[in-house]
Structure formats: structure tokens, C-alpha cells
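See below for the structure under consideration.
The values are calculated or read from the model by the stated rules, or taken from the named source; none is laboratory data. Keep in mind that this is a model prediction, so the values were computed, not measured. With ideal geometry, Cβ positions are generated from the backbone for all residues, glycine too; neighbour counts draw on all protein chains shown. SASA here: full protein model, heavy atoms, side chains in, ligands and nucleic acids out. Shrake-Rupley method; radii C 1.70, N 1.55, O 1.52, S 1.80 Å.
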Amino acid sequence: MSGDPYTYGAREAEKLLKELGISTLPVDPFAIAGRKGITVVAKPAEHAGVSGMLIRVGNEFAIAYATHIDNEPFQRFTVGHELGHYFLPGHVEAVLDASGVHQSRAGYSSKNQFEMEADGFAAGLLMPRNLFFPALVAAGKGFAAIEKLASTCGASLHATAIRYAQCTRDPVAIVVSAENRIEHCFMSKSLRDIGGIDWLRKREAVPRDTPTFQFSAEVENVRRGARVEASSNLQAWFGGRHDVEISEDVVGLGRYGKTLTVLCKRSINRTLAS
Ligand SMILES: [Zn+2]
């Protein structure tokens, strides 16, 4: 296995799409399940946080997706995640319990290797690089581009933003936080390549002097999905010695209680030291 679990999962999904001859967006994970003879059913979740299930009865497989989150892009991602467990080598053996059931927490909330690979698979399935990258170039930059791509791909803003950071050639960081604690941060390659920045320091809290901190301090902003477009500085987020002005777009992800931040480097890089 090469690369991180998300990249590995995404590449496996891209291979599958090639095999199936699927070359247009949006990709329909329900149809792919159908082609493999997998039954897909909607089902209320029995436990909070469970987004979906993969179920084996004999040699037959079924996928259940939770209906408590009434959000079509999230349900599509969940079905993609369960397809990941079905298709990824070793998953069926590893994730099903004695009664042939696996319960998933899809959506980048798990640190479990198999869950991360299945999330990567779902992202690669809905947003395969060979189709996503040209759409990304056409969509422009920043948060407006991510919104457009989410709609084209039938994916959530959250999943699309992460995929955007993986595929763009622009310096971009995506931060997902809850109650001003950072859950994860994805940086594009060109942002990591700026260098001279203390990338390795793992911050647990959203820095206080950022628009995101102010935004999330008002719980209503997150709940009703408000958004702001602001400016800040790379140093405020990541430290380091570069005074780099960035745009900071912030949006509340509604009832999940999470905040999505899109940090994009502006065109002029004012380097103070080097
Ligand atoms: Zn899972």
C-alpha cells in the first residue's frame, strides 16, 4: 500500500470506475451497487453516529444507509463508503463482525485505518481525479469553486473541500473544526511546498486570532449554516516565518456542529525572512 489511507482508497475507487467504464459526473454509487447485485436499503440508525452498514448473509451483500441525516450527498458518500468495504482488499474479512455486520461512521470522523480507506474510496468514487480535476480548473478558486464542484459531483461541501485540497495546484488548506477544536486539516501539495512553516506542529485548538474562531464562538452561525468571507494570515494558523496573506472562507455545516474553513493563499507572497 502506498500513500495515506485516503489516497489509497481513492485510487482503488478510480480503478473500479475505469473497469466499469464510468466516465461522467455525477457518479451514481447506488447504480454501482446494483450492478454488483448488492441491495441498498434506507434504514433508521440504531446508534447515534452510525452512518451506514455493510451486511453479509451467506454470499449476498446488502448496504444500509442511515436516514436520520436527511442529506442526499451524505447518503451517497455513505453508500460509497460501504462499497469501499466491499471492494477494498481485506476489508470484508476485517470489518464484518461474527454476525456479518459492519457499522460505519463515514465522513472523516474515524481514525481507524479501514474507515479512513473507505472514506477515501467514497471520495474517489464520487470525485475521481480524472473527471474532478478538469471540473476543478473550470470552477475557479476558493470556496465558490468548492460549492460548484459539490453540486456537479453530488458530494457534500465537507467531502468536496477535502478532495479539492488533494487535487488543486493552488496553495489551499481545508480545516474542519468542532467547537473550535481542529478535527482535521488537509493541505494542498503546493501549500506544503511553501516551506519555512511549522507544518508539523499539531494544533488542537483553532487559533484565537482568526475569523474561524470568532465565527464558531457563535453557535448559531454553525447551526444555521452561516458563512463569512474574510482575510487572515498563514502565520496565524501555522506559525512559521512567512507573512502570507490568505483568504479565509468560513461556513457552518449545520446540525453536525462542525465548521468548514477554506484557506487560500492570495496571489502575492510577501516573504519577510529568507
Ligand atoms: Zn466503515
Practice task
Could you list all residues from segment 204-226 that are surrounded by fewer than 14 Cβ atoms within 10 Å (Cβ to Cβ) and either in contact with a Leu (Cβ under 9 Å, 6 or more places away or on another chain) or outside the structural domain of LEU191 (by TED's automatic domain parsing) (or both)?
Solution key: GLY225
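Could you please let me know if ALA173 is outside any helix (DSSP H, G or I) and either assigned by TED's automatic domain parsing to the domain that holds GLY84 or over 20 Å from GLU12 (Cβ atoms) (or both)? Please lay out each step first, then the result.
Numbers: outside any helix (DSSP H, G or I): yes; either assigned by TED's automatic domain parsing to the domain that holds GLY84 or over 20 Å from GLU12 (Cβ atoms) (or both): yes.
Yes.
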Problem - Residue that is within 16 Å of the ligand (Cβ to nearest atom), β-branched (Val, Ile, Thr) and touching a helix residue (DSSP H, G or I) at 6+ places or on another chain (Cβ under 6 Å), where the choices are VAL92, VAL79 - result: VAL79
Practice task
Kindly establish whether ALA138 is at pLDDT below 95 and either part of a loop (DSSP other than H, G, I, E, B) or open to solvent by 30 Å² or more (accessible area, probe 1.4 Å) (or both).
Solution key: no
Problem - Residue identified as without any contact (Cβ under 8 Å) to a residue 40 or more places away in the chain and away from the ligand (no atom under 16 Å from the Cβ) among ALA173, ALA145 - result: ALA145
Problem - One residue from GLY84, GLY120 being within 12 Å of the ligand (Cβ to nearest atom), among the small types (Gly, Ala, Ser), more than 18 Å from ALA64 (Cβ to Cβ) and at pLDDT 95 or above - result: GLY120
Handout entry: Any hit, segment 64-73, residues being in a strand (DSSP E or B) and farther than 24 Å from VAL176 by Cβ
Key = yes
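So in segment 65-97, with the set limited to residues that are of a type in the set (A, V, I, L, M, F, W, C) and under 19 Å from LEU126 (Cβ atoms), which one is most open to solvent (accessible area, probe 1.4 Å)?
Step one: list which residues in segment 65-97 are of a type in the set (A, V, I, L, M, F, W, C), which gives 66, 69, 74, 77, 79, 83, 87-88, 92, 94-96.
Next cut, under 19 Å from LEU126 (Cβ atoms) only: 66, 69, 74, 77, 79, 83, 87-88.
Details: ALA66: 10, ILE69: 27, PHE74: 38, PHE77: 8, VAL79: 0, LEU83: 0, PHE87: 57, LEU88: 6 Å².
Among those that are of a type in the set (A, V, I, L, M, F, W, C) and under 19 Å from LEU126 (Cβ atoms), it is PHE87.
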Handout entry: The listed residue being within 26 Å of ASN221 (Cβ to Cβ), away from the ligand (no atom under 16 Å from the Cβ), of a type in the set (Ser, Thr, Tyr) and not in a loop (DSSP other than H, G, I, E, B), out of THR152, THR160
Key = THR160
